[in-house]
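Everything on this sheet refers to the single structure shown next.
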Amino acid sequence: MKSLLSLLLAYTLLAAVPLRAQQVAITFDDLPLHDDLPPNQTRLQVAQQILSTIQREHLPPVYGFINAIDMEDDPTLIDVLKAWRAAGQPLGNHTYSHVGLNKQTPAQFIADIRKNDPTLIALAGSTDWRYLRYPYLWEGATLTKRHAVRQWLAANNYKVAQVTMNFDDYLWNAPYARCAEQTNQTAIASLEKSYLAAADRGIQIARETSRTLYHRDIPYVLLLHIGAFDARVFPQLIQLLRSRGFTFVSLQQAQQDPAYAHDPNQPLVHGGTLQHQEYVARHLTYPSLDNPTKQLDALCSAKSNQRDLQ
């Protein structure tokens, strides 16, 4: 009996130990530009700051998803995309004009995808650039739209670049630009604190929902944006992920997991992570992020009393 109990205890302990460290692939949306800039910083410098962190932290390839429309008004922004490629990082398709599928017909949306292709062909060449990141993660408010676009993607060798970890990082970029203009270091420090707290909550939700759906951690795909504050806090975010037991993989490696092969076949009015889609399809209540929009909008604004975020 004693040996049987020892065997059961050993099995329980073994089952509790993950077979590998948790994995995450990092991706950036909205190349070559996203949101406001602080004084004396350029779009190219933002990209270079992110690329330096990728190199310094020895990260695997990091996809940057592009909207080529931005270069209509400022052709020099192609330097951002060239820098991304020169650093050995891959590019993917975020549609030409970043208009969500919910606001277009499938034909219009597909045309917007295709309009991005020439820039990708010119810059990404023979690399695997046929990944689509849906703007706003809107995959279709109706099944008709969802199916029409997915059928076209499959017929044209495109894959959906899903998101399985998110914390609305884009919300911090505009407040940072305002606070930097005011040289309000106290406010910037509070932005860093709240950003990392939101990231930690996003990690928690990703793991919680993955375990509910798949009874395990999947390799996650993290959505970030090429904003000035994202670039500033990126090293701290990497350290947070490492402190939570994560190692880093490429988008291709993450999406080899069977979880990414399943289509939830779920229309959503608003976009969501892959787990969110699965939750709605299974009639489950998806856990929510805290929404700091009001506090962030007030910080360093004309009407703000410049109180720190709590």
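The values are calculated or read from the model by the stated rules, or taken from the named source; none is laboratory data. Since the structure is predicted, the reported quantities are computational estimates derived from the model, not experimental observations. Cβ atoms come from the backbone with ideal geometry, glycine included; neighbour counts cover every protein chain shown. Accessible surface areas use protein heavy atoms only, side chains included; no ligands, DNA or RNA. Shrake-Rupley method; radii C 1.70, N 1.55, O 1.52, S 1.80 Å.
How big is D, in µm² s⁻¹, for the chain by Stokes-Einstein at 37 °C and 0.692 mPa s if Rh is the Kirkwood radius over C-alpha pairs?
159 µm²/s
Which cross-chain or sequence-distant (5 or more) residues have an amide H under 5 Å from the amide H of GLY92, H modelled 1.01 Å from N in plane?
Answer set, sorted by chain and number: GLY64, PHE65, ILE66.
In whole percent, and with a 1.4 Å probe on the protein chains, what portion of the accessible area of the chain is carbon and sulfur? Please list the in-between numbers first.
Values: 8000 of 14880 Å².
Looking at the chain in its full context, I get 54 percent from C and S.
Helix-only estimate, please: 222 nm mean residue ellipticity of the chain, summing -39500 (n - 2.57) across DSSP H runs of length 4 or more and dividing by its residues, to the nearest 500. Numbers along the way, then the final one.
Values: 12 runs with 147 residues, N = 310.
My calculation for the chain gives -15000 deg cm²/dmol from helical runs alone.
Give the relative contact order (percent, whole number) for segment 80-127; include only Cα pairs under 8 Å separated by 6+ residues.
For segment 80-127, the relative contact order is 45 percent.
Between GLN23 and residues 5 or more places away or on another chain, which pairs have amide H atoms under 5 Å apart, with H built 1.01 Å from N, and which residues are they?
Amide H neighbours of GLN23, under 5 Å, 5+ apart: TYR220, THR247.
Would you compute, for the Cα atoms of segment 153-199, the largest minus smallest coordinate along each principal axis and list the three values in descending order, in whole Å?
51, 22, 9
Quick one: what are the phi-derived ³J(HN,Hα) couplings along segment 87-103, Karplus 6.51/-1.76/1.60 with θ = phi - 60°, whole Hz, x for glycine and proline?
7, x, 9, x, 10, x, 9, 10, 6, 5, 10, 6, 9, x, 4, 4, 9
Say each of ARG211 and ALA155 gets a label point 7 Å from the Cα, pointing the same way as Cα to Cβ; how far apart are those two points in nm?
4.4 nm
Figure the gain on full extension for LEU289 and GLN45 (residue separation times 0.36 nm, minus the Cα-Cα span) and round it to one decimal in nm.
Here the answer is 84.8 nm.
For a quick check: with amide H placed at 1.01 Å from N, whose amide H comes under 5 Å from LYS159's, ignoring anything fewer than 5 positions away on the same chain?
TYR131, LEU132
Whole-Hz ³J(HN,Hα) for each residue in segment 191-206, computed from phi via Karplus 6.51 cos²θ - 1.76 cosθ + 1.60 with θ = phi - 60°, x for glycine and proline: what do you get?
So the Karplus estimates, Gly and Pro as x, are 5, 4, 5, 6, 4, 5, 5, 5, 4, 5, 5, x, 4, 4, 5, 4 Hz.
Taking the Cα centre of segment 183-241 as origin, work out the dipole magnitude from +1 charges on Lys and Arg Cβ and -1 charges on Asp and Glu Cβ, in debye rounded to 20.
Taking the Cα centre of segment 183-241 as origin, the dipole is about 100 debye.
Could I have the simple spin-label model distance between GLN55 and GLN256, label points 7 Å from Cα toward Cβ, reported in nm to one decimal?
About 2.8 nm, to one decimal.
Counting heavy atoms of the protein chains only and a 1.4 Å probe, report the per residue accessible area for the chain as a whole number of Å².
Value for the chain: 48 Å² per residue.
Quick check: the distance between the Cα centres of segment 214-284 and segment 112-177, to the nearest angstrom?
So the two Cα centres are separated by 14 Å.
Sorting check: for 25-38, 52-65, which peptide has the highest mean count of neighbouring beta carbons within 10 Å, and how do the rest follow?
Put in order of decreasing packing, that is 25-38, 52-65.
Projecting each Cα onto the charge dipole of the chain (Lys/Arg +1, Asp/Glu -1 at the beta carbon, about the Cα centre), which of ALA177, PHE229, SER288 comes out farthest on the positive side?
Checked the options; the winner is SER288.
Per-residue counts of other Cβ atoms within 10 Å, averaged by peptide: what ranking do you get for 91-103, 282-294, highest first?
Answer by packing, highest mean first, reads 91-103, 282-294.
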